[in-house]
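Here, each number is a calculation from the coordinates, and none is a lab measurement. Keep in mind that this is a model prediction, so the values were computed, not measured.
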Amino acid sequence: MAAPAVDASTALAALGSFKTLQLRWAAPAVLQVSLSIGKLNAMSRLFWEEMRTCFAAIAISPDVRVVLLTGEGRMFTAGLDIADHSESFAPPADATGEGADVGRRALRLRSFISAYQASFTAVEACPQPVVAAIHGACIGGGVDLITAACIRWASADAFFSVKEVDLGMAADVGTLQRLPKIVGSASLVREWCYTGRKVSAAEALAAGLLSRVLPTREALASEALALCVSLASKSPLALAGTKHLLNYSRDHSVAEANEHVALWNAAALQSQDVMRAMQATLSKQAPIFSNL
């Protein structure tokens, strides 16, 4: 891995300062982004705005190669902060004015929902791999968030709930779109989403929502960081390309995805990273790659 181009503190400051997120270098080129919104990490209105801003900055940062996504406190997240959003769903006080017009209200609400969708799509769209390390409760919007991550690991105490149905609504920021493409059983996905029941880490692992469960939160933190450090040692261009192409393939036919990867690699295979990786393999030495 190449040395950082700038001082670590300078690179961190360039990503911005946030009230609902804690950013720190967990290791060289590994940025840990932690939800830090109080004891339940309930997703306030400010959180959604800061997520968009944070991951937009990460996407263009040459110093970040891998993102480790975690939650501070006793749980990953309790989901939407209902109290902070009460005004967003309240009926208009003036039942006769323009504010009560269904068409106008729907247009404003659609814009509101689209902005929240963008907060988690930013996680999926950033070129760096995002590893979610989940402990405790991961409820409602938390499931929306982790389905946008690349890799999902959890501690044994973690549980998941697509809780929106119990709030009188359908999940609308990614779960219903991404979860069916992660979990292979349509019946199981519908069961989770219709009932809102608690899904244990063991069940989530068996269903494919998780790829690993660790016995404790401490073990999760250690092993997830080791994974991120390993990923950060690889070609950042290869990782970005692999993430992009996997996302593209998920949403397109095999023929379309094959055509796309041919066009992508027609450029990417000319990178110095390919020769450096091959030379390192032959010499049995660790390769050194430049930042993006």
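A few notes on this one:
- When both the stretch 101-179 and the stretch 181-218 are represented by their alpha-carbon centers, they are found 15 Å apart.
- The chain: angle of helix 272-283 to the longest principal axis, Cα-based, in degrees nearest 10: 60 degrees
- Degrees, to the nearest 10: 254-268 long Cα axis against longest axis of the chain: 50 degrees
- Aspartates and glutamates whose Cα lies under 20 Å from that of residue 181, excluding same-chain neighbours fewer than 8 positions away: 124, 144, 164, 172, 191, 203, 251, 256
- Across the chain, Cα pairs under 8 Å and at least six residues apart give a relative contact order of 18 percent.
- The three principal axes of the Cα atoms in the stretch 130-236 give end-to-end lengths of 44, 29, 22 Å, sorted in falling order.
- Exceedance of the 30 Å cut-off in Cα-Cα distance is limited, within the set 39/243; 39/198; 163/234, to 39/243; 163/234.
- Centre separation in Å (Cα based) which lies between the stretch 224-268 and the stretch 1-78: 22 Å
- Share antiparallel - DSSP beta bridges, the chain, percent rounded to 5: 30 percent
- 0 to 90° range, to nearest 10: angle between helix 236-250 axis and the chain longest Cα axis: 50 degrees
- Structure-derived Cα extents along the principal axes in Å - corresponding label in (1) 49, 48, 32; (2) 74, 43, 42; (3) 54, 39, 38: (2)
- Per-residue 3J(HN,Hα) values for the stretch 164-173, derived from phi via the Karplus relation 6.51 cos²θ - 1.76 cosθ + 1.60 with θ = phi - 60°, read 4, 4, 7, 9, x, 8, 8, 4, 9, 10 Hz in sequence order (x marks Gly and Pro).
- When you restrict to C-alpha pairs under 8 Å that are six or more residues apart and normalise by the size of the stretch 113-159, the relative contact order lands at 43 percent.
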